[in-house]
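Enquirer: Mind having a look at this structure? Questions to follow.
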């Protein structure tokens, strides 16, 4: 079905070393270093993430995984340029991120991220037209190609309110991918979908990756989704979010679900997230 | 797990091969009668006919054409005053004043709202202004307008603009403030800023509220205009439709008074149902932003 397991290579044995120490790595697309994020409520100042560092290399599918309250969405919004770090910095291909921009296209969880006054095709064309990154005469064909990739050609002239939740998310993915961003940011894009649709969307996303090998940062709170969708998982601890581990999982896809090594990894991540009490209850795999 | 043991029944499993898959959508037979009854225009027309018959019966029963002329007398007066040119010229004058004032009002409201959403203090300024002026009936400003601008187009425009601006600003500002955080982030994600962001994201996203504001502004301005004309009477440019009603009352031409009121109603309904309904159908309803 898909061939993303091929690229596992060095990742099949989890490395204890930091990535920086490995000599044969290409320059990183995204470099998050020592990022502390805070937000203010009416009465207090809350630290969402504390000195978080990780790198994203070309064609990686990095998943930010953690329970609610670990600041993973806040972190993604900071990478998108919506929230400024109070400490540390975020570099995109060596340039500091200071504001939102179309080279970091974001797909949101909410279905209302499509512009309701535009058809599917116009929605996909909109960022291309506004950013001026592509020649005008190519935009329409690029949009149609992107719509075709997410299997929505039949609905290209439909308005968003006539589409199902899964279709809306596909349009949002097509819209983001058509821009060919340096990195695709996905903020729990499948979390509002029913379980069957979510499963289908995950494998469609992997098939799209097989075709274009885009670089992606994907936020989720589902261990299973992280293992299937990601090539590398950044496990975050809650209150405030700190990096607990970075784990390679490129060898897993839907076919490996339920297999022994899949379950072992699932348990390992579970223990990282929930600590000793969980490992006592459910058998230690480490 | 004793659940399996607790279950006393033992039933065989089954799998079915699914055939005949094209029965999902079937055409419905709709009878001619229910088609007519389901037609809104038809039902409204029935109500209108009933009202007209009631009017005619009341006039016949009262038998006092000076106080309550029959519908047929009113229509005759309507046709007469249309043919002799008085009514059309009155309506035209009212419409000219209205179009100028309404356009000014919409532009002022747009400028105020854009100022409000682009600065933090702007929202406070506009909210306070609308809180002050919105409850004030615009006809109440007529004496002041006469004092400042005399009797003429300027006074009239001042009163009508005032009736449009506050209600429209209030509605539009509400629309801007309720644009979802997701849509805002989507717009910013594409690198849109300043006026480009307002034009391409905020205005379309707030369009249902903007349209409501324009509709309310229209209704308010039409009311304010007719009311002001009744007070101002004829200006140096001649009188409008309100003046038509007023002068015919003075000469006890009651059917013409009714004819004037009928025209006021008809114009209001036509603009509302033709112009605004058409805009709604082509925009917010088509986009699914309003039912």
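Enquirer: Extension gain residue A:39-residue A:148, at 0.36 nm per residue separation less the Cα-Cα distance, in nm?
Expert: 35.2 nm
Enquirer: Any idea what angle helix A:136-149 forms with the longest principal axis of chain A, computed on alpha-carbon atoms, 0 to 90 degrees, nearest 10?
Expert: Compared with the principal axis, the helix lies near 60 degrees.
Enquirer: Still on this structure, please answer the following. Order of B:269-275, A:222-228 by packing, highest average Cβ count within 10 Å first?
Expert: Peptide ranking by packing, descending: A:222-228, B:269-275.
Enquirer: Quote the FRET efficiency, to the nearest 0.05, computed for residue A:224 versus residue B:38 with a Förster distance R0 of 45 Å and r equal to the Cβ-Cβ distance.
Expert: Taking R0 as 45 Å, the efficiency between residue A:224 and residue B:38 is 0.35.
Enquirer: Could you sort A:134-146, B:212-224, B:56-68, B:256-268 so that the peptide with the highest average Cβ count within 10 Å comes first and the rest follow in order?
Expert: Answer by packing, highest mean first, reads B:212-224, B:256-268, A:134-146, B:56-68.
Enquirer: Okay, moving on. Give the average, rounded to an integer, of partner chain Cβ atoms located within 10 angstrom of each Cβ in A:101-113.
Expert: Mean shielding count: 4.
Enquirer: Could you tell me the calculated FRET efficiency between residue B:128 and residue B:104, based on Cβ-Cβ distance and R0 = 25 angstrom, to the nearest 0.05?
Expert: The pair residue B:128/residue B:104 has a calculated efficiency of 0.70.
Enquirer: To the nearest 10 degrees, how steeply does helix A:120-131 sit against the main Cα axis of chain A, on a 0 to 90 scale?
Expert: 80 degrees
Enquirer: Sticking with the crude label model, points 7 Å out along Cα→Cβ, report the distance from residue A:93 to residue A:203 in nm, one decimal please.
Expert: It works out to 3.5 nm between the two label points.
Enquirer: Take every residue in peptide B:97-108, count the Cβ atoms of other chains within 10 Å of its Cβ, and give the average of those counts. Please list the in-between numbers first.
Expert: Numbers: counts 0, 0, 0, 0, 0, 0, 0, 0, 0, 0, 0, 0.
Average neighbour count from other chains, rounded to a whole number: 0.
Enquirer: Hey, another quick one. With n ≥ 4 as the cut-off for DSSP H runs, can you work out [θ] at 222 nm for the protein assembly as shown, using -39500 (n - 2.57) per run divided by the number of residues, rounded to the nearest 500?
Expert: -16500 deg cm²/dmol
Enquirer: I'd like the orientation of helix B:40-62 relative to chain B: the angle between its Cα long axis and the longest Cα principal axis, in ° from 0 to 90, rounded to 10.
Expert: With both axes taken from Cα atoms, the answer is about 30 degrees.
Enquirer: Take every DSSP beta bridge whose two residues both sit in chain A, then give the antiparallel share in percent to the nearest 5.
Expert: The antiparallel fraction comes to roughly 55 percent.
Enquirer: Report the label-to-label distance for residue B:53 and residue B:273 in nanometres (one decimal), using points 7 Å from each Cα along the Cα→Cβ vector.
Expert: Modelled inter-label distance: 1.9 nm.
Enquirer: Only Cα pairs under 8 Å and at least 6 apart count here; give the relative contact order of the stretch A:124-262 as a rounded whole percent.
Expert: Once divided by the residue count of the stretch A:124-262, the mean separation gives 17 percent.
Enquirer: If you don't mind, there's one more thing I want to ask. If you count, for every residue in B:187-196, the Cβ atoms of partner chains within 10 Å of its Cβ, what is the mean?
Expert: Mean inter-chain Cβ contacts per residue within 10 Å come to 6.
Enquirer: Shifting gears a bit: Taking the Cβ-Cβ separation of residue A:212 and residue B:180 as r and a Förster radius of 41 Å, what is the calculated FRET efficiency to the nearest 0.05?
Expert: 0.85
Enquirer: Gaussian network model of chain B, Cα springs within a sub-10 Å range: biggest mean-square fluctuation belongs to which of B:31, B:138, B:155?
Expert: B:31
Enquirer: Using the per-residue mean of other Cβ atoms lying within 10 Å as a proxy for protection, in what order, highest first, do the peptides A:81-90, A:247-256 fall?
Expert: Per-residue Cβ counts within 10 Å, averaged per peptide and sorted highest first, yield A:247-256, A:81-90.
Each value in this text was obtained by applying a stated rule to the coordinates, not by laboratory testing. These numbers were taken from a predicted model, which means no experiment stands behind them. Using ideal geometry, Cβ is built from the backbone for each residue, glycine included, and neighbour counts are taken over all protein chains shown.
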